[in-house]
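Colleague: Next up is a structure, given as structure tokens.
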């Protein structure tokens, strides 16, 4: 069998994983020791792995997670009140299938954003669409998008992903446009998609952040009532472990 024509045909069919495996087998000489079934099975398995990895890479690029965090690296020894069993259950993703929300509250530096990104990474690995947004930047981008025609496209992305991560909520009070934007996002997602929200501000202070009592009631009704809660405490992990950049 000629190697190059086969590789060309596999490439034309879009079977890049098979092509790579075929080339490696030819170079190593292992093909002669395999049965036809084993040889074909190896090529198919490589193609499946290649396509799965390619889809995962695309989901992670789209998610734009702030941290390269994974649930396997979560440090449960840090004194911040994170329950191992509860977080493991969240990592399983059943709450995403149920279209519930998750609220991560606690002081700065206790790992809220990192934990949210770890759950986002796990959701990507579980073949779910994810998008990360810092709240202050999101509302600034939406304000600009109203004037240049991007608003509808951005909103479709925000409302369509299976898991939306809204990070650093509550640092600044919302103006009228931001209130309306947040309401529209949560209204479209309620009962259909899941949202993670991280905040330094306790939930009972969120009415003040939103400002308008009517909008506040409507927003919190769609965000809080079907939400799982993780309330963290303790000192900043940045001070206690300044060099631990790759892990939580």
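Colleague: Determine the principal axes of the Cα atoms in the chain, then give the extent along each, sorted from largest to smallest and rounded to whole angstroms.
Modeller: Over the chain, Cα extents along the principal axes are 74, 47, 32 Å.
Colleague: Could you state the angle between the C-alpha long axis of helix 151-160 and the longest principal axis of the C-alpha atoms of the chain, as a value from 0 to 90 degrees rounded to the nearest 10?
Modeller: The helix 151-160 is inclined about 70 degrees to the chain.
Colleague: How big is the gap, in Å, between the Cα center of the range 22-95 and the Cα center of the range 132-166?
Modeller: When both Cα centres are located, 29 Å separates them.
Colleague: Shape verdict for the range 125-220, please, from the Cα gyration tensor: rounded (a/c under 1.5), prolate (a/b greater than b/c) or oblate. Kindly include the intermediate steps, with their values, before the conclusion.
Modeller: Details: a/c = 1.63, a/b = 1.19, b/c = 1.37.
Judged from the Cα gyration tensor, the range 125-220 comes out oblate (a/c at least 1.5, b/c at or above a/b).
Colleague: Considering all projection directions equally, how large on average is the shadow of the alpha-carbon convex hull of the range 3-62, in square nanometres?
Modeller: Spelled out: convex hull of the Cα atoms, projected over all directions, averaged, 4.5 nm².
Colleague: Using only Cα atoms and rounding to the nearest 10 degrees, what angle (0 to 90) does helix 3-12 make with the longest principal axis of the chain?
Modeller: 30
Colleague: List 168, 217, 212 from most exposed to least, where exposure is judged by having the fewest other Cβ atoms within 10 Å.
Modeller: Sorted ascending by nearby Cβ count, the order is 217, 212, 168.
Colleague: When DSSP assigns beta bridges and you keep just the ones with both residues in the chain, what percent turn out antiparallel, to the nearest 5?
Modeller: The antiparallel fraction comes to roughly 0 percent.
Colleague: Sort 103, 201 by Cβ crowding within 10 Å, fewest neighbours at the top. Numbers along the way, then the final one.
Modeller: Details: 103 20, 201 14.
Starting with the residue having the fewest Cβ neighbours, the order is 201, 103.
Colleague: How large is the helix-only mean residue ellipticity at 222 nm for the chain, computed as the sum of -39500 (n - 2.57) over DSSP H runs with n ≥ 4, divided by its residue count, in deg cm²/dmol to the nearest 500?
Modeller: -16500 deg cm²/dmol
Colleague: Taking neighbour counts of Cβ atoms within 10 Å as a proxy for exposure, in what order, fewest first, do 48, 110 appear? All intermediate terms of the calculation are to be shown ahead of the outcome.
Modeller: Working: 48 12, 110 25.
Least crowded to most crowded, the residues run 48, 110.
Colleague: Using the basic label-point model (7 angstrom from Cα toward the beta carbon), what is the residue 192 to residue 129 distance in nanometres?
Modeller: The answer from the label model is 1.1 nm.
Each value in this text was obtained by applying a stated rule to the coordinates, not by laboratory testing. Since the model is a prediction, treat every value here as computed from it, not as a measurement. Heads up, the Cβs are rebuilt from the backbone with ideal geometry, glycines too, and the neighbour counts pull from every protein chain shown.
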